[in-house]
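Written below as structure tokens is the structure these notes are about.
The values are calculated or read from the model by the stated rules, or taken from the named source; none is laboratory data. Because the structure is a prediction, the values reported are computed rather than measured. We place every Cβ from the backbone using ideal geometry, glycine too, and count neighbours over all the protein chains shown.
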Amino acid sequence: MTEPTIIQLQPMPEDWQRALAVVAHPDDLEYGCSAAIAAWTDAGRAVAYVLASRGEAGIDTLEPAKCGPLREQEQRASAAVVGVSAVEFLDHRDGVIEYGTALRRDIAAAIRRHRPELVITLNHRDTWGGTAWNTPDHVAVGRATLDAAGDAGNRWIFPELVEQGLEPWNGVRWVAVAGSSSPTHAVDATPGLERAVHSLLEHRAYIEALTDEDPETYVRGFLTGVAEQTAERFGGTPAVAFELFSR
Ligand SMILES: [Zn+2]
């Protein structure tokens, strides 16, 4: 019996200058995606982060009023490690983020402010690879981001945004979904991997609450493992994979 052919991922488009990453929680980008972001900012591209929540429901032993500001601080430090200084929070409530027009409007507004050609988000599907159930926040924010890429370009969908001075932005060419079980494209993780490790390590309070393992061993093992798993579909190069939707 012959081995099934492994479909190879295509390199991500390079002809863009600005990206906006929109996710539900602090750490969503650091669990796998930030090696690509480090490579992009190295190349002189601007990347901004928008987080729907402050991740305030993420640590069992810390009440949300204390957890939110701590995780916001960790997220800003984490973004700085990979060359991202613009980090915004939309203040939807962690754990119960609802898909709907309020979320779409907030994301469309962020897209109009930042005018990205590439929008990045996290797995919007019900499961991770058909085996683990995804969280409702990721599903809601991922779907709303895919939708808001279109909303941002339509003057009449959220007319109140135009009244606030946010003119339509029709320049989103792609939405790239990280953590998808049907990836189509990838970015070489090698140059950014070390910074990705340090970027995720900035979520120290969260990680220490999550695992008894040494944080650096845990983070390095996780991120290297994901990048190496992707290598078999990217010509042997450790990589960050995305499912790319064109617009
Ligand atoms: Zn998350």
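Table for the structure above
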quantity: Residue 177 out of contact with any Pro (no Cβ under 6 Å at 6 or more places or on another chain), crowded, with 17+ Cβ neighbours inside 10 Å and at pLDDT 95 or above; calculated: yes
quantity: Output for region 183-229, where each listed residue is free of Cβ contacts under 8 Å to residues at least 24 places away in the same chain and of a type in the set (Phe, Trp, Tyr); calculated: 218
quantity: Matching option when the condition is within 29 Å of residue 56 (Cβ to Cβ), more than 15 Å from the chain's Cα centre (by Cα) and at pLDDT 95 or above, among 221, 171; calculated: 221
quantity: Hey, residue 63 within 16 Å of the ligand (Cβ to nearest atom) and either out of contact with any Pro (no Cβ under 9 Å at 6 or more places or on another chain) or more than 13 Å from residue 22 (Cα to Cα) (or both) or not; calculated: no
quantity: Strands (runs of 3 or more DSSP E) enclosed by region 116-190 - at least 3 residues per element that are farther than 21 Å from residue 53 by Cα and in contact with a strand residue (DSSP E or B) (Cβ under 8 Å, 6 or more places away or on another chain); calculated: 185-188
quantity: Test result for residue 31, within 16 Å of the ligand (Cβ to nearest atom), of a type in the set (Phe, Trp, Tyr) and in contact with a helix residue (DSSP H, G or I) (Cβ under 6 Å, 6 or more places away or on another chain); calculated: no
quantity: Close pairs from region 127-143: first touching a residue at least 12 places away in the same chain (Cβ under 8 Å), partner of a type in the set (Ser, Thr, Tyr) and within 11 Å of the ligand (Cβ to nearest atom), Cβ under 8 Å, at least 6 apart; calculated: 137/53
